[in-house]
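Trainee: Could you have a look at this structure, given as structure tokens, before my questions?
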Amino acid sequence: MKITGKNHIGFSRSANGTNTYTTFNPKTNQANETLFYEASTSEIDEAVTLASKAFDSYKEISNTAKAAFLNTIADEILALGELLIHTYISETGLPEGRAIGERGRTVGQLRSFAQLVAEGNWVTATIDTALPERTPIPKPDIRKMLVPLGPVVVFGASNFPLAYSTAGGDTAAALAAGCPVIVKSHPMHAGTGELVANAISIAAEKTGMPVGVFSNLNSAGIEVGQALVQHPAVKAVGFTGSIKGGRALFDMAASRPEPIPVFAEMGSINPVVILPEALKNRNEEIATTYASSITLGTGQFCTNPGLLLTVKGTALDQFLKNLSHQILDISPSCMLHPAIKKAYEHNKTTLTQQDGVTIAAAYDKPVTPNHAPQVIATVDGQAFLENTKLHQEVFGPFSLVVVCDDIAQLHTIITQLEGQLTGTIIAAEDELAQYAHIVTALQNRVGRIIFNGVPTGVEVCPSMLHGGPYPASTDSRFTAVGIDAIKRWVRPFSYQDWPNDLLPDALKNENPLQLNRILNGATTQERIVQHEASHV
């Protein structure tokens, strides 16, 4: 299979645009060969029009058929074999192990949504049967379930070319919900995106999905994304990236004549609170663990621990020595792109030049191009409170240690943080009760709280919450990871006094799908007998 650089529009490939670009191999510091064609205005409109038409039939496709589609996508991704892995590496500079692991995660996400759809209970069918004899007003028959929103636009993420991009969690969840998807491919890994897009298209044809259920559009700039978000037939947007980018899309979607939801997962510095007893007794262990976490993946995770909070004293002095020693013993690794490396250096310099900031450790040996030297900086609690520039994310292997005067100041700092994806408490178990107010304050600012671990690594499972108060995400009620991510792409819908044979199968008296339904307040799989719904 050859990468063509063309756009996938339904089951066709197209290259009508005049703007082209290439991807870049940060490891070799050279551009890759393939020219990618940016989608033209007509191609954008064709993709959305096809998606809108496909929605009418795709939303009615059976659970079994949708599950087969998702599983076949997973099969086709695996069938790409070494070509996908090689392309991923050539466009990211990431190692083979990371590529294989992320492919496995992507396939796992698709299969988990396939299982969810096949079971069908996710629609949360709720039925309240009629009480025609009720006085003074008879009670009607009301039946509710979740239904898909319509065509969804998904923006690929720079730091996860597979798991958060073309066939990643947003796409898998939207397809599972019954929504056609148009992906705005990320320009840094357009080749990887094209291969995965081809796998999705093959799977769609093999399983009889409608034309337009999936499209993949190329773009090096912002114009294609803007046009997609503003298109009146698009009903929702998924985004993983910067606060600036996510907020721009959010504002654009809100200003449409028909506003639509944007589910954006954005910036996070993932505060780590180290309580006194743990700092005293596990000093070296914590330093070693966090040196690895800060530098993991060159710090290019949305859950990178960018902020460490603790109280001043001799234990902290020793911790800084240990952390500095450990982090300088790790060889710098390659960032995803020269532009990301440039942004890292700029943001790192901006933060470390703020008043009161001291560099505790900075890797100062020569580094290969596009490799990022790691840095640990410190600042006192009062300076941190007074300067919100110190609260901003530095995307890369960087962490700021805030030296608090006491627990009271630590608590104040936590309450004034912006919303975060994660928060971590490093503590002895008996400290949790002693510092319960610290735990509560942190809980109020994050989507996931971790005890004696690291934030890096987001387990894909039903209980995972990957989101948080703004600006970690645009809606803290939802997750971008796990099967509950499907809830972003649906809305509740009720039928009142509707003929039984015209109801969706999920709501019919006979319960042909054998779903767990809430019937008159009780969860059951039982069918509804005629006397319970005599008017239906």
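The values are calculated or read from the model by the stated rules, or taken from the named source; none is laboratory data. Just so it is clear, the model here is predicted, and its values are computed rather than measured. A quick note on method: Cβ atoms are made from the backbone with ideal geometry, for glycine too, and the neighbour counts reach across all protein chains shown. Just the protein is used for accessible areas: all its heavy atoms, side chains included, with ligands, DNA and RNA removed. Shrake-Rupley method; radii C 1.70, N 1.55, O 1.52, S 1.80 Å.
Trainee: When both residues are 6+ apart or on different chains and their Cβ atoms are under 6 Å apart, which pairs have a first residue that lies in region 250-275 and is at pLDDT 95 or above and open to solvent by 10 Å² or more (accessible area, probe 1.4 Å), and a second that is β-branched (Val, Ile, Thr) and assigned to a loop (DSSP other than H, G, I, E, B)?
Mentor: Going by the 6 Å Cβ cut-off, the qualifying pairs are PHE250/THR474.
Trainee: Let me ask something else about it. List the number of the failed condition for SER215; all other conditions in (1) touching a helix residue (DSSP H, G or I) at 6+ places or on another chain (Cβ under 6 Å); (2) outside any strand (DSSP E or B); (3) among the small types (Gly, Ala, Ser) hold.
Mentor: (2)
Trainee: Checking VAL123 against (1) surrounded by 21 or more Cβ atoms within 10 Å (Cβ to Cβ); (2) under 20 Å from the mean Cα position of the chain (by Cα), which single condition isn't satisfied?
Mentor: (2)
Trainee: Return only the number of the condition from (1) open to solvent by 10 Å² or more (accessible area, probe 1.4 Å); (2) part of a loop (DSSP other than H, G, I, E, B) that LEU162 does not satisfy.
Mentor: Condition (1) is where LEU162 drops out.
Trainee: Looking only at region 332-375, which residues are of a type in the set (Phe, Trp, Tyr) and closer than 23 Å to ALA31 by Cβ? Quick ask: steps written out before the conclusion?
Mentor: We begin by selecting, within region 332-375, every residue of a type in the set (Phe, Trp, Tyr); these are 344, 363.
Once the filter is applied, which keeps residues that are of a type in the set (Phe, Trp, Tyr) and closer than 23 Å to ALA31 by Cβ, region 332-375 yields only TYR344.
Trainee: Also: Could you tell me which residue of region 328-348 is surrounded by the most Cβ atoms within 10 Å (Cβ to Cβ), considering only residues that are within 25 Å of LYS389 (Cα to Cα) and among the hydrophobic types (A, V, I, L, M, F, W, C)? Give the derivation first.
Mentor: Filtering region 328-348 down to residues within 25 Å of LYS389 (Cα to Cα) leaves 335-348.
With the extra rule that they be among the hydrophobic types (A, V, I, L, M, F, W, C), the set shrinks to 335-336, 339-340, 343.
Working: MET335: 29, LEU336: 24, ALA339: 14, ILE340: 20, ALA343: 16.
Within region 328-348, the match that is surrounded by the most Cβ atoms within 10 Å (Cβ to Cβ) is MET335.
Trainee: Run down ILE359, ILE407, ILE413 and say which single residue is open to solvent by less than 10 Å² (accessible area, probe 1.4 Å) and under 17 Å from LEU316 (Cβ atoms). Full working, then the answer.
Mentor: Working: ILE359 fails: open to solvent by less than 10 Å² (accessible area, probe 1.4 Å); ILE407 fails: open to solvent by less than 10 Å² (accessible area, probe 1.4 Å).
From the options ILE359, ILE407, ILE413, the qualifying one is ILE413.
Trainee: Grab the helices (runs of 4 or more DSSP H) fully contained in region 1-99, keeping just those with 2 or more residues being open to solvent by less than 60 Å² (accessible area, probe 1.4 Å), over 26 Å from LEU228 (Cβ atoms) and in contact (Cβ under 8 Å) with a residue 60 or more places away in the chain. So that I can check it myself, show each step before the final result.
Mentor: Details: elements: 41-58, 63-79, 81-92.
Filter on region 1-99 gives 63-79, 81-92.
Trainee: Might you let me know whether region 143-151 holds any residue that is within 15 Å of HIS189 (Cβ to Cβ), out of contact with any helix residue (DSSP H, G or I) (no Cβ under 6 Å at 6 or more places or on another chain) and open to solvent by less than 30 Å² (accessible area, probe 1.4 Å)? Break it down stepwise before answering.
Mentor: Within region 143-151, the first condition is being within 15 Å of HIS189 (Cβ to Cβ), and the residues that meet it are none.
Among the residues of region 143-151, not one is within 15 Å of HIS189 (Cβ to Cβ), out of contact with any helix residue (DSSP H, G or I) (no Cβ under 6 Å at 6 or more places or on another chain) and open to solvent by less than 30 Å² (accessible area, probe 1.4 Å), which makes the answer no.
Trainee: Go through (1) of a type in the set (Gly, Ala, Ser); (2) more than 31 Å from the chain's Cα centre (by Cα); (3) farther than 21 Å from VAL311 by Cα for GLY356 and report which single condition fails.
Mentor: With respect to (1) of a type in the set (Gly, Ala, Ser); (2) more than 31 Å from the chain's Cα centre (by Cα); (3) farther than 21 Å from VAL311 by Cα, GLY356 is out only on (3).
Trainee: Are any residues in region 276-292 surrounded by 24 or more Cβ atoms within 10 Å (Cβ to Cβ) and not aliphatic (A, V, I, L, M), and if so, which ones?
Mentor: The first filter runs over region 276-292 and keeps only residues surrounded by 24 or more Cβ atoms within 10 Å (Cβ to Cβ), leaving 290-291.
Matches in region 276-292: TYR290 only.
Residue-by-condition table, conditions (1) touching a residue at least 40 places away in the same chain (Cβ under 8 Å); (2) in contact with a helix residue (DSSP H, G or I) (Cβ under 8 Å, 6 or more places away or on another chain):
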residue: GLY297; (1), (2): yes, yes
residue: GLN300; (1), (2): yes, yes
residue: THR314; (1), (2): no, no
residue: ASN322; (1), (2): no, yes
residue: GLN326; (1), (2): no, yes
residue: PRO338; (1), (2): yes, no
residue: LYS341; (1), (2): yes, no
residue: THR350; (1), (2): no, yes
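Trainee: Any residue in region 119-130 that is in contact (Cβ under 8 Å) with a residue 24 or more places away in the chain sitting within a Cβ distance under 8 Å of a residue that is of a type in the set (Ser, Thr, Tyr) and open to solvent by 10 Å² or more (accessible area, probe 1.4 Å)? List the pairs, counting only those 6 or more apart or interchain.
Mentor: Cβ pairs passing all conditions: ALA130/SER534.
Trainee: For the condition in a helix (DSSP H, G or I), out of contact with any Gly (no Cβ under 8 Å at 6 or more places or on another chain), closer than 22 Å to ASN19 by Cα and open to solvent by less than 10 Å² (accessible area, probe 1.4 Å), what is the one hit in ALA197, ALA176?
Mentor: On the way: ALA176 fails: closer than 22 Å to ASN19 by Cα.
The unique qualifying residue is ALA197.
Trainee: Residue check: is ASP497 in contact with an Asp or Glu (Cβ under 6 Å, 6 or more places away or on another chain) and in contact (Cβ under 8 Å) with a residue 12 or more places away in the chain?
Mentor: On the way: in contact with an Asp or Glu (Cβ under 6 Å, 6 or more places away or on another chain): yes; in contact (Cβ under 8 Å) with a residue 12 or more places away in the chain: yes.
When the stated conditions are applied, ASP497 passes them.
Trainee: List the strands (runs of 3 or more DSSP E) that sit entirely inside region 283-399 and contain at least 2 residues that are in contact with a Pro (Cβ under 8 Å, 6 or more places away or on another chain).
Mentor: Those strands (runs of 3 or more DSSP E) span 307-311.
Trainee: So MET145 clears everything in (1) part of a loop (DSSP other than H, G, I, E, B); (2) over 30 Å from THR34 (Cα atoms) except one condition, right? Which one?
Mentor: Result: MET145 passes all but (1).
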